[in-house]
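Here is the structure we will look at.
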Amino acid sequence: MASIHMDDLHKVYGGGVKAVTGVSLDIADGEMIVLVGPSGCGKSTLLRMVAGLETISRGTLKIGDRVVNTLEPAERDIAMVFQNYALYPHMTVFNNLAYGLKNRKVPKDQIGRRVREAAKMLEIEEYLDRKPRNLSGGQRQRVAMGRALVREPEAFLFDEPLSNLDAKLRVQMRVEIRQLQKRLGTTSLYVTHDQLEALTMADRLVVLNAGQVEQVGTPMEVFEKPASVFVAGFIGSPAMNMLDVDYLRETGAGDALHGFPPGTDLIGVRPDDLSMTAPEGPHLRLSGQVALLEPAGAESHIYVTLGGSAQPITVRVQGLPTVAEGADLNLFAPLPVLHPFNRASGLRVA
């Protein structure tokens, strides 16, 4: 097992297309880092650079004490789990698990031991004689994980491994991967566009946007104090509401914002932090009209149009809403839960 050190990594494709720009990151031995961001943000490219499947245009990559910029994937002592499983269809599960070890001339008795230990850990012992076509999606993903596991690598790399599974199975596999990583203590780099996966699996999140790092921190640090408008809108579901300070001042709601830092012209407020009941202490008051009610089981989302705003804001409440569509509604948020941003820079002000 080993740490991973990225120093000013760049990836530029032909024609000057910049996929990754100046990424620097230290991943501690045994740490689970999740790269998260929208499609095209560079997260899979960065993972493939670590794997050796993409060349590094500039910068330094170290795994453990070795600079691995020019090393072939097989020389980096990493194991990768892909989105599409990448199993050999003509081989049994046992042979899929053993194939990489055989290529490395691992003794036969060690191959058998490692395969059976991994199969037991992943609960696929009864499938060792089957071929991939006779397995479910979840079972195939366990085999793909087992193939990485038997390698006993210095680091695991996961490239959106759960995106082909149904919602229920994704939850189950998410828990299993995280428990397995904690048990083994293997340094892991995990790519996903699913923010729930990111928040629940990571020791630290790395939020990427257009090939650059927007923020690095624990899931709660990123959620509670997003560093930019982009992060605030991407992490959290429903997304954070953004309120124009000029509009708030025009309506009188901005009077409560006098103590906010200079340069604040956007105020973020999460849907959970808006209430239909005025709290004690200083608070923000908004008035609008209910545009849409969206029951979602144990919770509901209320979309409220504010005067002069075409984009409704979202309120999340527990249970069924007590208001009707078209009704006038007052909303309140305590000042401490508000997030100050600057529109021009896109950054948090404080």
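Considering only the stretch 1-91, give the strands (runs of 3 or more DSSP E) lying wholly within it that have at least 1 residues that are farther than 27 Å from A144 by Cα.
So the answer is 4-13, 17-27, 58-63.
Criterion first (in contact with a Gly (Cβ under 7 Å, 6 or more places away or on another chain) and in contact (Cβ under 8 Å) with a residue 60 or more places away in the chain) does A19 satisfy it?
The answer is yes for A19.
Looking only at the stretch 121-131, count how many residues are open to solvent by 80 Å² or more (accessible area, probe 1.4 Å) and at pLDDT below 90.
Residues meeting the conditions: 1.
Would you confirm whether any residue within the stretch 98-117 is under 27 Å from E160 (Cβ atoms), among the acidic types (D, E) and not in a helix (DSSP H, G or I)?
The answer is no; no qualifying residue exists.
Within the stretch 32-43, track down each residue that is over 10 Å from the mean Cα position of the chain (by Cα) and either among the hydrophobic types (A, V, I, L, M, F, W, C) or at pLDDT below 95 (or both).
Correct list: M32, S39, G40, C41.
Given the residues L205, L180, which is the only one that is hydrophobic (A, V, I, L, M, F, W, C), more than 22 Å from V150 (Cα to Cα) and open to solvent by less than 40 Å² (accessible area, probe 1.4 Å)?
Checking each option against the conditions leaves just L205.
This table checks each residue for (1) acidic (D, E); (2) under 27 Å from the mean Cα position of the chain (by Cα); (3) open to solvent by less than 20 Å² (accessible area, probe 1.4 Å).
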{"residue": "T92", "(1), (2), (3)": "no, no, no"}
{"residue": "N95", "(1), (2), (3)": "no, no, no"}
{"residue": "R104", "(1), (2), (3)": "no, no, no"}
{"residue": "A119", "(1), (2), (3)": "no, no, yes"}
{"residue": "G146", "(1), (2), (3)": "no, yes, yes"}
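Among the residues of the stretch 193-223, count how many are closer than 24 Å to D273 by Cβ and in a loop (DSSP other than H, G, I, E, B).
Adding up the residues that qualify gives 3.
I need the full set of residues from the stretch 1-54 which are under 24 Å from G185 (Cβ atoms), touching a helix residue (DSSP H, G or I) at 6+ places or on another chain (Cβ under 7 Å) and open to solvent by less than 10 Å² (accessible area, probe 1.4 Å), in order please.
The answer is I4, M32, V34, L35, V36, A51.
I need the full set of residues from the stretch 232-251 which are assigned to a helix (DSSP H, G or I), open to solvent by less than 10 Å² (accessible area, probe 1.4 Å) and within 24 Å of V216 (Cβ to Cβ), in order please.
A232
Regarding R130, is this residue touching a residue at least 12 places away in the same chain (Cβ under 8 Å), charged (D, E, K, R) and in a loop (DSSP other than H, G, I, E, B)?
yes
Quick one: which residue in T186, T218 is more than 23 Å from P73 (Cα to Cα) and not aliphatic (A, V, I, L, M)?
T218 is the lone residue from the list that is more than 23 Å from P73 (Cα to Cα) and not aliphatic (A, V, I, L, M).
Return the residues of the stretch 293-340 that are under 20 Å from L248 (Cβ atoms), hydrophobic (A, V, I, L, M, F, W, C) and open to solvent by less than 30 Å² (accessible area, probe 1.4 Å); say none if nothing qualifies.
Matches in the stretch 293-340: I302, V304, L306, I313, V315, L329, L331, F332, A333, L338.
Looking at S163, S188, which one is surrounded by fewer than 19 Cβ atoms within 10 Å (Cβ to Cβ), within 18 Å of the chain's Cα centre (by Cα) and either small (G, A, S) or part of a strand (DSSP E or B) (or both)?
Unique residue meeting the criteria: S163.
Report whether or not E221 is open to solvent by less than 50 Å² (accessible area, probe 1.4 Å), under 14 Å from the mean Cα position of the chain (by Cα) and acidic (D, E).
no
Go through V315, V304, V290 for me and flag whichever is assigned to a strand (DSSP E or B), touching a helix residue (DSSP H, G or I) at 6+ places or on another chain (Cβ under 9 Å), more than 16 Å from V245 (Cα to Cα) and β-branched (V, I, T).
None of the other options fit; the residue is V315.
For the stretch 132-145, how many residues are at pLDDT 90 or above and out of contact with any Phe, Trp or Tyr (no Cβ under 9 Å at 6 or more places or on another chain)?
Number of matching residues: 1.
The values are calculated or read from the model by the stated rules, or taken from the named source; none is laboratory data. Model, not experiment: these values are computed from the prediction. All Cβ positions, glycine included, derive from the backbone under ideal geometry; neighbour counts span all protein chains shown. Heads up: the accessible areas ignore ligands, DNA and RNA and are worked out on the full protein's heavy atoms, side chains in. Shrake-Rupley method; radii C 1.70, N 1.55, O 1.52, S 1.80 Å.
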